[in-house]
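Colleague: Just passing along the structure, written as structure tokens.
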Amino acid sequence: MTILGLHAMVWVGGWSPEQCRQAIRLTAEAGYQLIEIPALEPESMDAVETRRALDEHGIQASCSLGLTTGTDVSSADPAIVERGEARLAAALNFAANVGARVLTGVIYSALTKYGQPATPEGRRNSVAAIRRLAEAARGRNVAIALEAVNRYETNLLNTAEQTVEFIEEVGVDNVYVHIDTYHMHIEEPSMREAVMTCSDRLGYVHVGESHRGYLGTGSVDFDGLFEALVETGYDGPIAFESFSSAVVSPLLSNQLGVWRNLWDDGMDLAVTARDFIEKGLGAAGA
Ligand code: MN
């Protein structure tokens, strides 16, 4: 049985103890089982308080982040790669301490618009960094997922096919593909083909609309996605991701290009999305 989650930025733009408690409480109230916590600055986040709130509300966690140009593990500069690996190690530590089962995101490169293609050397550095992260994660019962994102947000993994190939190079068994409908809508031949390409390496799914607002009000083929997920028997997390200028994270909003107001009422958005996903999975035969 797959579990439904949502990204914390539906509720809050930061992770102070108060924001943490609010986001986890509202996630439970909206009927979700999992919250995805952005761990962009994991060193300054309170794992004890987070875990306490998760336990109180019976909510599971996943953690995600995008690296920056200063912490890019696909860089050719060893000092930058080293800073990236330190950031990933801190994120893994936070994830393990809050009991998260998966650490994901654009953790294999910077989350940015590159001005040139990935280099062979940069790719090797990234594969090696993800291998070391995955080996450390295995000892702490955390899976690693790599989120394929569109060409304006990385130059390394834009498709499911590229991500599967990369994971084969990494060669550690707790590394999975993370697909996101918002990005797939731009880069993949179809929702179905992308899911089939991942096969049993699929470990995490983001559902997001083409404009990242209310599900069902854009141009993403959700029927194709849900049918393929049901057909392949996918049983990992499905997390709803949506961003509006109504909730601002000093770091993430600018990384993601959140310039527009697509909603104001996070609770209405979240409840509508849960209903949409449950109906979609049901119609697909789940
Ligand atoms: Mn995503």
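Colleague: Quick check: residue separation of Gln19 and Lys279 times 0.36 nm, minus the Cα distance between them. What number comes out in nm? Walk me through the numbers before you get to the answer.
Modeller: Numbers: separation 260, 0.36 × 260 = 93.60 nm, distance 3.02 nm.
Taking Gln19 through Lys279 to full extension adds about 90.6 nm, to one decimal.
Colleague: Can I ask one more? Please give the residues of region 134-165, grouped as numeric ranges, whose backbone N is less than 15 Å from a label point set 7 Å along the Cα-to-Cβ vector of Met196.
Modeller: 160-161
Colleague: When DSSP assigns beta bridges and you keep just the ones with both residues in region 3-285, what percent turn out antiparallel, to the nearest 5? Can you show the working numbers first?
Modeller: Details: 0 of 29 bridges.
Antiparallel: roughly 0 percent of the beta bridges in region 3-285.
Colleague: Still on this structure, I have one more. Per the helix-only calculation at 222 nm, which mean residue ellipticity applies to the chain, given -39500 (n - 2.57) for every DSSP H run of n ≥ 4 and division by its residues, nearest 500 deg cm²/dmol? Let's see the in-between values first.
Modeller: Values: 10 runs with 123 residues, N = 286.
My calculation for the chain gives -13500 deg cm²/dmol from helical runs alone.
Colleague: Can you bin region 40-91 into rounded, prolate or oblate? Criterion: square roots of the alpha carbon gyration tensor eigenvalues sorted a ≥ b ≥ c, rounded for a/c under 1.5, prolate for a/b above b/c, oblate for the rest. Please list the in-between numbers first.
Modeller: Values: a/c = 4.34, a/b = 3.03, b/c = 1.43.
Taking the square roots of the gyration eigenvalues as a ≥ b ≥ c, region 40-91 is prolate.
Colleague: Hey, can you list the DSSP H helices of the chain whose Cα span along the axis is 24 Å or longer and whose average Kyte-Doolittle score is at least -1.0?
Modeller: On the way: long enough: 78-97 (28 Å, 0.34); 120-138 (27 Å, -0.75); 266-283 (25 Å, 0.31).
Membrane-span-like by this criterion, though nothing is claimed about a membrane: 78-97, 120-138, 266-283.
Colleague: I'd like the accessible area for Ile238, computed on protein heavy atoms only with a 1.4 Å probe and all protein chains in place. Round to 10 Å², please.
Modeller: 0 Å²
Colleague: How high is the relative contact order of the chain? Use alpha-carbon pairs under 8 Å, at least six apart in sequence, and give a whole percent. Walk me through the numbers before you get to the answer.
Modeller: On the way: 587 pairs, mean separation 53.1, N = 286.
Reported as a whole number, the value is 19 percent.
Colleague: Let me ask another. Under 5 Å between amide hydrogens, which residues at least 5 positions from Val102 or on another chain qualify, with H placed 1.01 Å from N in the peptide plane?
Modeller: Here the answer is Cys63, Ala143, since their amide H atoms fall under 5 Å of that of Val102.
Colleague: Let me ask something else. Does region 47-133 come out rounded, prolate or oblate, given a ≥ b ≥ c as the square roots of the eigenvalues of its C-alpha gyration tensor, rounded meaning a/c under 1.5 and, failing that, prolate meaning a/b above b/c? Numbers along the way, then the final one.
Modeller: Values: a/c = 2.95, a/b = 2.51, b/c = 1.17.
Because a/c hits 1.5 or more and a/b exceeds b/c, region 47-133 counts as prolate.
Colleague: Oh, and also: I'd like the Karplus ³J(HN,Hα) series for region 249-261: coefficients 6.51, -1.76, 1.60, θ = phi - 60°, whole numbers in Hz, and an x wherever there's a Gly or Pro.
Modeller: Here the 3J(HN,Hα) series is 9, x, 8, 6, 4, 6, 4, 8, x, 8, 9, 10, 8 Hz.
Colleague: Which residue fluctuates the most in the chain, going by a Gaussian network model with Cα springs under 10 Å, if the choices are Val175, Val102, Val271?
Modeller: Val271
Colleague: Can you give me the Cα centroid spacing of region 108-162 and region 1-57 in angstrom?
Modeller: 25 Å
Colleague: Sticking with this one: Amide H of Gln60 versus every other amide H placed in the peptide plane: which residues, excluding those fewer than 5 positions away on the same chain, fall under 5 Å?
Modeller: Sorted by chain and number, the residues that satisfy this are Leu34, Ile35.
Colleague: Within region 55-91, what residues put their amide N at less than 12 Å from the label point 7 Å along the Cα-to-Cβ vector of Gln116?
Modeller: Under cut-off, by backbone N: 76-77.
Colleague: Got a number for the accessible area of Val164? Probe 1.4 Å, square angstrom, nearest 10.
Modeller: 20 Å²
The values are calculated or read from the model by the stated rules, or taken from the named source; none is laboratory data. Bear in mind that the values here come from a model prediction, so they are computed numbers and not experimental data. Heads up, the Cβs are rebuilt from the backbone with ideal geometry, glycines too, and the neighbour counts pull from every protein chain shown. Note: accessible area is taken over every heavy atom of the protein model, side chains too, but ligands, DNA and RNA are not part of it. Shrake-Rupley method; radii C 1.70, N 1.55, O 1.52, S 1.80 Å.
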